[in-house]
Amino acid sequence: MATLSHSPKGPRKRARPPMAYPRTGGEIRGPRRLSPLVLFLLLFPALLMVGLLSGLGGYRRLSTALSGHEVYIAAQPVSPSRSPRVGLVAGHLGHDSGAVCADGLTEVEVNTAIAREVARRLEALGYTVDVLEEFDERLHGYRAAALLSIHADSCEYINELATGFKVARAQADMVPEQSDRLVACLVSAYGRSTGLRFHADSITYDMTDYHAFREIAPETPAAIIETGFLYLDRDLLTRGQERVVEGIVEGLRCFLEGSE
Ligand SMILES: [Zn+2]
């Protein structure tokens with residue numbers, strides 16, 4: 001700026017460009033010096049709003065509005081107060097009877113009774129539960145914190161080893177770490193509650209390639225349980241059903257709440 005006041009020595013036109021340059025530079029520097037202040041003034045109300053919104057629980061609504069996925073992510077955490085969704089497939093329901101015993105007891109009635117009681121218990125704990133049929137339309141793209149399909153094994157006498165339970169996840173699982181943890185939780189809690197042994201050696205392709213695994217949303221952790229053999233484990237599966245239910249409920253809670 002000092003050059004400006006000293007430059008008018010003569011009427012030479014050349015003097016003007018050097019004068020114009022600092023002036024232009026001054027105009028550029030002005031806004032540059034102001035910009036942090038301007039930014040602060042612009043951002044401060046926005047930051048204040050976000051702070052207030054999050055304090056009021058509005059941030060979740062804001063993120064929900066911004067992306068539909070936020071709803072699912074927000075529903076995932078394990079606090080029952082947020083009412084995560086759990087899907088239970090009552091094996092064979094709405095389709096066929098499944099295994100049939102000589103006296104007419106069917107697998108579907110055992111599976112359904114177990115699924116409904118597990119649902120009642122989970123709902124009492126604050127979960128949202130869907131009891132689904134074997135080929136339920138809702139399975140397509142089904143989103144939940146966990147999906148468990150409940151089945152039971154054959155009611156024919158095979159040999160004395162045909163006792164015990166099985167739990168498996170999909171072979172082509174898209175969230176294998178989560179589904180493995182679901183399986184581990186169920187194996188541990190179900191074994192503890194029922195006293196049955198884990199029958200890992202007879203997990204079949206039908207279990208790991210179970211149709212519902214291919215229908216649900218790929219981000220839904222899922223497993224299938226064979227609660228026992230209807231022949232040798234019949235007492236437990238019918239008269240001792242509360243231990244079966246307890247084992248499944250505790251297995252799901254272990255996964256959903258990170259409890260043991
Ligand atoms: Zn079955």
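Throughout, read-outs are computed from the coordinates displayed, never taken from laboratory work. For clarity, every value in this text was computed on a predicted model and none was experimentally measured. Because the Cβ atoms are built from the backbone with ideal geometry, glycine has one as well, and the counts that use them run over all protein chains shown.
Tabulated values for the structure
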{"item": "Amide H within-cut-off set for A152, under 5 Å, with H built and near neighbours excluded", "result": "T227"}
{"item": "Segments 166-173, 212-219, 235-242, 87-94 sorted - mean Cβ within 10 Å per residue, highest first", "result": "87-94, 166-173, 212-219, 235-242"}
{"item": "Amide H partners (placed H, <5 Å) of D130, local residues excluded", "result": "V86, G87, L88"}
{"item": "Per-residue ³J(HN,Hα) for segment 143-157, Karplus 6.51 cos²θ - 1.76 cosθ + 1.60, θ = phi - 60°, Hz, x for Gly and Pro", "result": "10, 7, 5, 6, 10, 10, 9, 10, 10, 9, 8, 2, 9, 9, 6"}
{"item": "Whole-Å semi-axes of segment 80-257's equivalent ellipsoid (Cα gyration tensor)", "result": "23, 17, 16"}
